[in-house]
Amino acid sequence: MSKKTSWTLKDAEDYYGFKRWGGSHFSVDPKGCLCVHPMGDDRKIRILDVVREAASMGLRPPLTIRVQDLLRRRVIQLNEAFAKAVESEDYKGRYRGVFPIKVNQLREVVEEILDAGEPFGFGIEAGSKPELLIALALTESRDSLLICNGYKDEEFIELALMGRKLGKQTVLVVEQVSEVDAIIRMARRMGVTPHIGIRVKLATAGEGKWAESTGENAKFGLTASEIMAAVEKLRRARMTDALRLVHFHIGSQVPNIATIKKAVVEAARYYCELAKMGFPMGLLDVGGGLGIDYDGSRSAYESSMNYSMEVYARDVVAHVKQVCEAARVPVPDIVSESGRALVAPHSILIFEAVDRIARDGNAGRPPKGKPHQVIRELEAILRNKRGYDPLERFHDAKEKRDEAHSRFTLGYLSLEQRAYVDRLYWQICRDLRAQMASHADVPDELARLDSMLAEQYVCNFSVFQSLLDHWALDQLFPIAPIHRLGERPTVQATLADITCDSDGKVDDFIDLEDVRRTLALHPLRKGEPYYIGAFMVGAYQDIMGDLHNLFGRVNEAHVFLEDDEADGFYIEEAIPGYSVERILGMIQYNAEDLCRMLKRQVDRATRADSVKPREGVAMVDLYERLIRGSTYLIPEREARPRPTAKARRGR
Ligand SMILES: *Cc1c(COP(=O)(O)O)cnc(C)c1O
């Protein structure tokens, strides 16, 4: 950020990276508000308007906004990318994608994907019994695949084979050799021919944060000799016509296209070998891994990707074709299980910054009385700017502050004096930072002053509920204010959530290179909400959040473009977040019982005359109202008006 000229909307776009990570889907309007363009064209929705509309329906932030048209757009984009690749490579097979439901199982998300994918025969991938139960009911189309991965017991297999009986294209992907016996046994019992796939353990190593899904020690998949054993079992059972598919998954968010190419070639070799052994085959499943460019750098860095969806499709199709041609094997239909790439962009988390934790202000006046030696020394360090090596000045200040702290502990310094010492120290640090601002080569310790001096904005949400991977994996998400973008953001801040956990914070932010330790935000104004968005949170975050501190699922608004109106939208679905009562129920508390227990105590206090009857009633009312309410904070400006002293006295 340059200090010289005035701040423009373009500066905001550049600083927060809206165009880089958001492509054609985000823009800033003349009022300084962030807009989402669901279809990537001119039609747009102002996010602040959605927040206000949702609030008028009783859904205040933290709020998940699902941009359903954007979700549809991604499904169509993926299918079209593969269709184009099939055409340009003159590929003789088809693309038959499936949505790995574990990435976001919410009904409205899955239904939207299936609806948008209907013309393409888009199917579902399930990895557990509950997921398969959803998938079986929701897939009526006979043209789409239903791929079953994950560990399977007899019930899982029976359920999948029931799908075959209903005429569905259910494929049971074998993850361990023992599953082959179970499938053969259950298929015989039910009198149905199963469709079986084999997940191969590739030698190609994955890359990025989620790379452990591959290699010798992977949890899933069969080695070459295990595949030979599985194949032998099928032969002995005279079920060779069951084998249809080869599958691999090298992990999510693969940043480097070279890794994908290598894995596709290796898996295609497995496919060709099995086809040459005489199995019917027909399907090659390249799993997930298609990435999202969270930081917008288009690099092979772990929160980015060095390829587009179109390049991905073309490379997959071209390499499968090459390998099959060389082996003189007819090409398979290609299946992919892209989850993150489909659902991440559609979901936006909005939360409000409700307070700030600032550093001590300037040194101000010294305490009365004769100043202590250590104070005089710190004052000298503050005054003495010229000709003092900055790093040395910092070290000296730190040393003196440490000395003062131990003197306080030993009883030689008063609380007032210690407070003054701290203020002196922070003023020296701010001084140093200002001095370093114009330097090109800042020593590491001084570079860290930025985050040391940063303010913390306290934000009304829980990292553990809504941004779990930021905590668990240090995953970076784009984060930016959704309004006031025409104003220069002058406060360097990090974010603290409202859990009582020191890990409940965000202090790493996307940047074009490396990572930012602070984010420039706007000063908070009294009585006026300040809304911040976390973007591309539709994959995994929606589903994996936990109830740390008993903060529940957040409110949700599902938004559609309104076609008749310029820049219009409507909220089709409003889903209230978890009430306290609901959360308590999950951990075995009954709200009514709790209310009764509380009331008993109030009654006792009333009888003992330590609480007036009127007060007692109000206490029980309050308790009952809050137990039915939200788990999150209610901002001060929205708190229920308290009766004035006069009203309270009146009868
Ligand atoms: C999780 C998973 C996926 C989804 O991966 P993305 O990288 O989100 O596309 C696909 N297939 C399998 C087997 C998975 O376990």
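The values are calculated or read from the model by the stated rules, or taken from the named source; none is laboratory data. These numbers were taken from a predicted model, which means no experiment stands behind them. Glycine gets a Cβ as well: all are built from the backbone with ideal geometry, and neighbour counts include every protein chain shown. Areas reflect the complete protein model, heavy atoms only, side chains present, ligands, DNA and RNA absent. Shrake-Rupley method; radii C 1.70, N 1.55, O 1.52, S 1.80 Å.
Can you return the lysines within cross-link range of residue 165? Criterion is Cα-Cα under 21 Å, with same-chain partners fewer than 8 residues away left out.
Partners found: 129, 152.
Stretched out fully, how many nm does the piece from residue 389 to residue 563 gain, at 0.36 nm a residue minus the Cα gap?
Taking 0.36 nm per residue and subtracting the Cα distance, the gain is 56.3 nm.
Whole-Hz ³J(HN,Hα) for each residue in region 421-434, computed from phi via Karplus 6.51 cos²θ - 1.76 cosθ + 1.60 with θ = phi - 60°, x for glycine and proline: what do you get?
4, 4, 5, 4, 4, 5, 5, 4, 4, 5, 4, 4, 5, 4
Taking the Cα centre of the chain as origin, sum charge times position over the Cβ atoms of Lys and Arg (+1) and Asp and Glu (-1), and report the length of that vector in debye to the nearest 20.
Computed charge dipole of the chain: roughly 1880 debye.
Kindly write out, for region 223-237 in residue order, the coupling ³J(HN,Hα) from the Karplus curve 6.51 cos²θ - 1.76 cosθ + 1.60 (θ = phi - 60°), rounded to whole Hz, with x marking Gly and Pro.
6, 4, 6, 5, 4, 4, 5, 5, 5, 5, 4, 5, 4, 4, 7
Would you please calculate the Kirkwood hydrodynamic radius of region 91-338 over all C-alpha pairs and express it in Å, rounded to one decimal?
Kirkwood hydrodynamic radius for region 91-338: 18.2 Å.
Using only Cα atoms, what is the ratio of the radius of gyration of the chain to 2.2 N^0.38 Å?
That works out to 1.16 for the chain.
Give the long-range amide H neighbours of residue 569: residues separated by 5 or more places, or on another chain, with amide H under 5 Å away, using H modelled in the peptide plane at 1.01 Å from N.
When sequence neighbours closer than 5 places are left aside, the close amide H contacts are 562.
Show the residues, 5+ positions off or on another chain, whose built amide H is closer than 5 Å to the amide H of residue 94.
For residue 94, whose amide H was placed from the backbone, the distant partners under 5 Å are 333, 334.
On the accessible surface of the chain, probed at 1.4 Å, how many percent belong to carbon and sulfur atoms?
C and S atoms contribute 49 percent here.
Return the inverse of the average 1/r over all pairs of distinct C-alpha atoms in region 414-554, which is the Kirkwood hydrodynamic radius, in Å to one decimal.
Every distinct Cα pair counted, the radius reaches 17.1 Å.
By how many degrees, 0 to 90 and rounded to 10, does the Cα axis of helix 47-56 deviate from the longest principal axis of the chain?
80 degrees
Heavy-atom accessible area per residue, the chain, 1.4 Å probe: how many Å²?
Heavy-atom SASA per residue in the chain reads 47 Å².
Spelling out what I want: for every residue of region 631-638, take phi, set θ = phi - 60°, compute 6.51 cos²θ - 1.76 cosθ + 1.60 (Karplus), and round to whole Hz; glycine and proline get x.
Per residue, the Karplus-derived 3J(HN,Hα) values read 7, 8, 6, 9, x, 3, 5, 9 Hz.
Summing Lys, Arg as +1 and Asp, Glu as -1, what charge do residues with Cβ under 10 Å from the Cβ of residue 511 carry, residue 511 excluded?
-2
When ranked by the protection proxy of mean other Cβ atoms within 10 Å per residue, highest first, what sequence do the peptides 241-250, 435-444 form?
Per-residue Cβ counts within 10 Å, averaged per peptide and sorted highest first, yield 241-250, 435-444.
Amide H neighbours of residue 505 under 5 Å, at least 5 residues apart or on other chains, H built in the peptide plane: list them.
497
Report, to the nearest 10°, how far helix 257-276 tilts away from the longest principal axis of the Cα atoms in the chain, using its own Cα long axis and a range of 0 to 90°.
Around 20 degrees separate the two axes.
Calculate how steeply helix 390-410 sits against the longest principal axis of the alpha-carbon atoms of the chain, using the helix alpha-carbon long axis, and give the answer as 0 to 90 degrees to the nearest 10.
Orientation of helix 390-410: about 70 degrees from the principal axis.
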